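What follows is a short report on a single structure.
The values are calculated or read from the model by the stated rules, or taken from the named source; none is laboratory data. The structure presented is a predicted model; accordingly, all values stated were derived computationally and were not measured. FYI the Cβ positions are ideal-geometry reconstructions off the backbone, even for glycines, and counts take in every protein chain you see. What goes into the accessible areas is simple: the full protein's heavy atoms, side chains included, and nothing from ligands, DNA or RNA. Shrake-Rupley method; radii C 1.70, N 1.55, O 1.52, S 1.80 Å.
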Amino acid sequence: MPKIDQSERIFRLEDLKSSVEQFEENYASDINHEAYFGFPINPLLDAESCLLSDQEKSVAYFSMEYGIAPSIYNSFQLNRPMSEQNQFFTHEVFSNHWLCDYVFKIHIDKMLDIPIYGGGLGVLAGDSMKSAADLRFSIVGIGVLWNKGYFKQSFWYKHGQVPEELKWDPYSYPGLIPLNKTIQIDTKEGLLVLRLWKYYIYSYDKASVCPMILLDSNVEQNPDHFKKLTDQLYRSDDVWWKIFQRAILGIGGMKALECLGYHINTYHLNEGHAAFALLEKYITLQDKSQMEEVKKKFVFTCHTPVEAGHDKFAINDVAKILNQEYIEAAQMFGKKSADSDLVNLTFMALNNCAKVNAVAQKHGEVMRIQFPNYAEKVDAITNGVHVHTWLSDSFAELFDKYNDTFGDWRKDAAQLRKIKEIETRGDFRRDLFAAHQENKRNLVDIVKHWRLQEDVFTLGWARRIAGYKRPQLIFHQIDKILEFAHKIGPVQILLAGKAHPNDDIGGAHIENILDHIDRLNKDKDVIKVLILENYDTFFGKLLTNSVDVWLNNPLPPFEASGTSGMKAILNGVLQLSTLDGWVVEAKDNNIGWIFGYQHEGFELGSERNLRLDADSSALCDTLEDVLKLYYDTNQAGNVNVKSPWIDKMINCVEQAAFFNTQRMLEQYNERMWKF
Ligand SMILES: *Cc1c(COP(=O)(O)O)cnc(C)c1O
């Protein structure tokens, strides 16, 4: 994105003001010539001008979900009162310290994260937008304004997870603005009207932004059942919801770009959810013979080998919702084989996008096995995380203190590699461990009533609760762990995660975990276990930077990448992991310990054969070594700075120089977008 002279701007503050619904009543005090909700406004006008210009090669990035995490990064300021619904203070805890659970809650003074994400896919989309802003790319995000978010979670003993509806107020959410523009999709059930919203993502230095457009069906003109279409992310109790939600993202998204007059060079489909965008492009094309050329503008990122992640719909079901021209196009573009009566969104994207990428090198291999006909098309660009979002303050201070070594690491995350130049310095090793202890004290403080201890070994596991991620593995032979913890030293375990409300297997896992935790009541002096309600990006950051070891135990090869471990290594947190996803690429760098089943060969195996017995044995054996090394390193606060533990911490940070979205987006740009 070039720097734009004020005189060249084709989008001005007046244009912004006149595009916002009820600007004077609601937003005038937050948006003026200097400031946009407390941030500088000029970069915003530049970004809009670039998107409107046909001189600029802009990208439209489509994603069903975005985890933007304004509670932990770049929070906007609001001059009016924020609705109480947008504040999120209390969380309950389920632990083996029953009494505490009854009496106490965790109180945190924080804003609700814009609740339009469910898990890692959304967090990656959010991190990508933030790095795009940092890199000054001209990009617009397309998503959906989920009026009831994903869901609110509570744990009930003997019931497991109880999902509740989440309420929030988009109209008083800092930085979120409703536009007075709507688009329409003509469906078999009548006209569906969608309002457009905007949210701007600023770069770390606030010199650049990327807009996001969010589509919303909760408007006056719609009948009641249409209003609910954008209530809950991934509502899946009926295919009707699923098809409509995908039509809103893909078809609605293309119409929104048209409505705003953006000139788009590349359409990036983040997962197959947005594949209907291809149909819309085809239908609006005057000269259909140009479609082959147009397809060159589409690229696709596939995020999972897991079956449930690949949308397929019966053509008859789609035909109940979309008009005939869409059905004809869907049959042309989206069938796995000529005789199929399904529209398969993964195949629609694979067939028609010029470039396709997997999200880690191992996932690339897996995709080539899953989709042999497309093997040559499949590139692999490994995921990353946004450094400025996930780095703890204490580590930022550490890198600044040693700035002779780290240079301008804020601008260039690759500088973190230089940590190896000072790996033998005693003062640095001491400071590094101290920075980690500071993060750990922060965790201990937040859950203070449960009396965790900063010099006790602490293990973390938090992610979406899904079968292949094996959340129950640590409990499978917990008696073994108890036995060696008695001899070597105590263990603290922190867990968090949500299961999709309709995922019965995931729900059963939570029930099973609560049961295990409950049974450990008498052993709480040796193993203390806490599971935190409502895992979100705030807890994601807290846990990944504060525990001593991050546990990652998916069943290979079903974890396409995984990103929570990348947040952990950035903060010097060691990995205890099976060999899958991004970890395969880091395995020779001594960032922790690898255990368990390893995938080889040209069969994927079954995602249902969880290998719990063998892999939990391997986990226990490895954990015993981990525990010994921990208590050799930290003896009740006396730190052995020469310990190989600290070498591993250093190697973790070194690897974070690669596993970040800055590097990832530079590769997207070179290999998929070519700015
Ligand atoms: C990082 C993150 C994830 C993704 O974790 P994985 O290790 O990729 O499963 C999911 N949810 C939240 C809230 C996160 O912050």
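Listed residues ASN553, ASN545, ASN502, ASN534; which is of a type in the set (S, T, N, Q), out of contact with any Asp or Glu (no Cβ under 9 Å at 6 or more places or on another chain) and not assigned by TED's automatic domain parsing to the domain that holds TYR157? Before the answer, list the steps.
Working: ASN553 fails: out of contact with any Asp or Glu (no Cβ under 9 Å at 6 or more places or on another chain); ASN502 fails: out of contact with any Asp or Glu (no Cβ under 9 Å at 6 or more places or on another chain); ASN534 fails: out of contact with any Asp or Glu (no Cβ under 9 Å at 6 or more places or on another chain).
The unique qualifying residue is ASN545.
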Starting from residues that are closer than 21 Å to TRP240 by Cβ and assigned to a loop (DSSP other than H, G, I, E, B), keep the ones in the range 172-194 and report whichever is least open to solvent (accessible area, probe 1.4 Å). GLU189
Hey, can you tell me all the residues within the range 117-134 that are more than 9 Å from the ligand (Cβ to nearest atom) and of a type in the set (Ser, Thr, Tyr)? SER128, SER131
Give all pairs with beta carbons closer than 6 Å in which a residue from the range 423-434 that is in contact (Cβ under 8 Å) with a residue 60 or more places away in the chain meets a residue that is open to solvent by 40 Å² or more (accessible area, probe 1.4 Å); count only pairs at least 6 apart in sequence or on separate chains. PHE433/VAL639
Restricting attention to the range 89-99, the residues that are buried (at least 18 other Cβ atoms within 10 Å of the Cβ) and hydrophobic (A, V, I, L, M, F, W, C) number exactly 2
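Report whether or not GLU376 is part of a loop (DSSP other than H, G, I, E, B) and either of a type in the set (Lys, Arg) or open to solvent by 10 Å² or more (accessible area, probe 1.4 Å) (or both).
Details: part of a loop (DSSP other than H, G, I, E, B): yes; either of a type in the set (Lys, Arg) or open to solvent by 10 Å² or more (accessible area, probe 1.4 Å) (or both): yes.
For GLU376, the condition - part of a loop (DSSP other than H, G, I, E, B) and either of a type in the set (Lys, Arg) or open to solvent by 10 Å² or more (accessible area, probe 1.4 Å) (or both) - is met.
Only one of THR382, THR424, THR458 is within 16 Å of the ligand (Cβ to nearest atom) and over 14 Å from LEU570 (Cα atoms). Can you tell me which?
The match here is THR382.
Before we move on, is LEU432 within 16 Å of the ligand (Cβ to nearest atom), in the same structural domain as MET566 (by TED's automatic domain parsing) and either part of a helix (DSSP H, G or I) or not polar (S, T, N, Q) (or both)?
On the way: within 16 Å of the ligand (Cβ to nearest atom): no; in the same structural domain as MET566 (by TED's automatic domain parsing): yes; either part of a helix (DSSP H, G or I) or not polar (S, T, N, Q) (or both): yes.
Considered against the rule, which asks whether it is within 16 Å of the ligand (Cβ to nearest atom), in the same structural domain as MET566 (by TED's automatic domain parsing) and either part of a helix (DSSP H, G or I) or not polar (S, T, N, Q) (or both), LEU432 comes out as no.
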Can you name the condition, by its number, that PHE137 falls short on among (1) part of a loop (DSSP other than H, G, I, E, B); (2) surrounded by fewer than 24 Cβ atoms within 10 Å (Cβ to Cβ)? (2)
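Can you spot a residue in the range 341-356 that is without any contact (Cβ under 8 Å) to a residue 12 or more places away in the chain and in the same structural domain as ALA375 (by TED's automatic domain parsing)?
First, the residues of the range 341-356 that are without any contact (Cβ under 8 Å) to a residue 12 or more places away in the chain: none.
No: the range 341-356 contains no residue that is without any contact (Cβ under 8 Å) to a residue 12 or more places away in the chain and in the same structural domain as ALA375 (by TED's automatic domain parsing).
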When ILE527 is run through (1) within 10 Å of the ligand (Cβ to nearest atom); (2) of a type outside the set (Gly, Ala, Ser); (3) open to solvent by less than 30 Å² (accessible area, probe 1.4 Å), the failure sits at (1)
Please pick out the residue among ALA466, ALA560, ALA485 that is of a type in the set (Gly, Ala, Ser) and either surrounded by fewer than 21 Cβ atoms within 10 Å (Cβ to Cβ) or away from the ligand (no atom under 11 Å from the Cβ) (or both). ALA485
Just name the residue that is modelled with the highest pLDDT out of those in the range 305-354 that are within 30 Å of GLY384 (Cα to Cα) and open to solvent by 70 Å² or more (accessible area, probe 1.4 Å). LYS312
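Working carefully through the options ALA636, ALA614, ALA657, ALA618, find the one that is in contact (Cβ under 8 Å) with a residue 12 or more places away in the chain and more than 22 Å from SER577 (Cα to Cα). Before you say what the answer is, go through the steps one by one.
Numbers: ALA614 fails: more than 22 Å from SER577 (Cα to Cα); ALA657 fails: more than 22 Å from SER577 (Cα to Cα); ALA618 fails: more than 22 Å from SER577 (Cα to Cα).
Of the residues listed, the single one that is in contact (Cβ under 8 Å) with a residue 12 or more places away in the chain and more than 22 Å from SER577 (Cα to Cα) is ALA636.
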Across the range 563-584, the tally of residues that are away from the ligand (no atom under 12 Å from the Cβ) and open to solvent by 10 Å² or more (accessible area, probe 1.4 Å) stands at 2
Total residues in the range 54-88, condition open to solvent by 40 Å² or more (accessible area, probe 1.4 Å) and assigned to a strand (DSSP E or B): 1
Given the criteria in contact with a Pro (Cβ under 7 Å, 6 or more places away or on another chain) and on the phi < 0 side of the Ramachandran plot, does VAL447 qualify? no
Can you work out which of the residues in the range 100-123 that are without any contact (Cβ under 8 Å) to a residue 24 or more places away in the chain and in a loop (DSSP other than H, G, I, E, B) is surrounded by the fewest Cβ atoms within 10 Å (Cβ to Cβ)? ASP109
Quick check: is even one residue across the range 215-233 open to solvent by 50 Å² or more (accessible area, probe 1.4 Å), in contact (Cβ under 8 Å) with a residue 40 or more places away in the chain and among the basic types (Lys, Arg)? no
Looking only at helices (runs of 4 or more DSSP H) that fall completely inside the range 195-270, which ones have 3 or more residues that are in contact with a strand residue (DSSP E or B) (Cβ under 8 Å, 6 or more places away or on another chain)? 239-247, 253-260
